[in-house]
Amino acid sequence: MRKLLLVGVGLAVLLAGGRSAPKEPEGLALVRALGVDGRGPVILTAVCGGEDQDNPSRGACAGADFNRALERLPWSGRSELSLTSVSYLIVGRDVELENVLLTALRNEELGAACTVWLAEEGAAALLEDCADPASALELLERQGMEAPTVVEALAALYRGEELCLPLITGGEDGPWMLDWEEWRGAA
């Protein structure tokens with residue numbers, strides 16, 4: 001009876017939110033939007049922050065391929081960058097999308113849940129012009145825009161299905177949706 005009571009109390013504490021929320025370690029910036037351009041070298045552009053940051057941290061780096069660029073990204077900004085909070089993966093038309101998606105899926109930090117967006121003029125150009133792309137893309141999602149996740153996009157490519165990505169461009173207030181575009185890959 002006593003064991004059952006202890007289990008019940010433990011469950012009650014867990015359900016009541018007995019655990020404190022994880023906090024960002026000092027000196028670590030959480031990337032929210034990650035831009036990918038090129039086949040090789042691959043250029044990454046990272047923007048941290050969101051609604052609670054006035055001046056989000058940024059970083060940019062290049063690598064021979066997407067995986068090597070990811071290895072360099074944490075030390076490409078003023079603060080150490082972490083990929084554990086990426087919500088938006090923004091790709092240019094010139095990327096090897098299948099490789100990017102597969103690498104993202106295998107990456108323990110980046111993961112499969114971030115959504116995939118296509119930048120009309122390239123990811124770096126779009127992210128450089130926008131102060132807070134994550135908040136702007138979040139607004140598009142609240143307005144009903146449903147971009148595919150990494151898993152959904154990769155599954156469509158593997159099944160040979162049509163993959164349509166939301167085509168976005170930069171504006172004064174951040175990225176805005178132009179249309180849907182079928183992924184054709186770089187020529």
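Listed by first and then second residue, the pairs with beta-carbon distance under 7 Å, at least 6 apart or on different chains, first residue in the stretch 101-114 and in contact (Cβ under 8 Å) with a residue 24 or more places away in the chain, second among the charged types (D, E, K, R) and loosely packed, with under 15 Cβ neighbours inside 10 Å, form an empty list. The number of residues in the stretch 134-183 being at positive phi and surrounded by 16 or more Cβ atoms within 10 Å (Cβ to Cβ) comes to 1. Reported count of residues in the stretch 120-131, each being open to solvent by less than 20 Å² (accessible area, probe 1.4 Å) and over 18 Å from PRO56 (Cβ atoms), is 1. Listed by first and then second residue, the pairs with beta-carbon distance under 6 Å, at least 6 apart or on different chains, first residue in the stretch 160-184 and in a strand (DSSP E or B), second at pLDDT below 85 and surrounded by 15 or more Cβ atoms within 10 Å (Cβ to Cβ), are PRO166/MET177; ILE168/PRO175; ILE168/MET177. Please work out if ASN99 is among the polar types (S, T, N, Q), closer than 18 Å to GLU152 by Cα and assigned to a helix (DSSP H, G or I). Yes, satisfied. If you go through the stretch 66-77 and pick out every residue that is open to solvent by less than 50 Å² (accessible area, probe 1.4 Å) and either touching a residue at least 60 places away in the same chain (Cβ under 8 Å) or in contact with a helix residue (DSSP H, G or I) (Cβ under 8 Å, 6 or more places away or on another chain) (or both), you end up with 2. Screening the stretch 84-119 for residues that are among the β-branched types (Val, Ile, Thr) and open to solvent by 10 Å² or more (accessible area, probe 1.4 Å) and picking the one that is modelled with the highest pLDDT gives THR115. All conditions but one from (1) assigned to a helix (DSSP H, G or I); (2) under 13 Å from the mean Cα position of the chain (by Cα); (3) aliphatic (A, V, I, L, M); (4) closer than 22 Å to PRO175 by Cβ apply to ALA147; the one that does not is (1).
Here is a check on your reading of the model: is ALA113 assigned to a loop (DSSP other than H, G, I, E, B), within 15 Å of the chain's Cα centre (by Cα) and among the aliphatic types (A, V, I, L, M)? Taking the combined requirement at face value, the residue satisfies it.
The values are calculated or read from the model by the stated rules, or taken from the named source; none is laboratory data. For clarity, every value in this text was computed on a predicted model and none was experimentally measured. Positions of Cβ are backbone-derived with ideal geometry, glycine not excepted, and every protein chain shown enters the neighbour counts. In case anyone asks, the SASA skips ligands and DNA or RNA and just uses the protein heavy atoms, side chains included. Shrake-Rupley method; radii C 1.70, N 1.55, O 1.52, S 1.80 Å.
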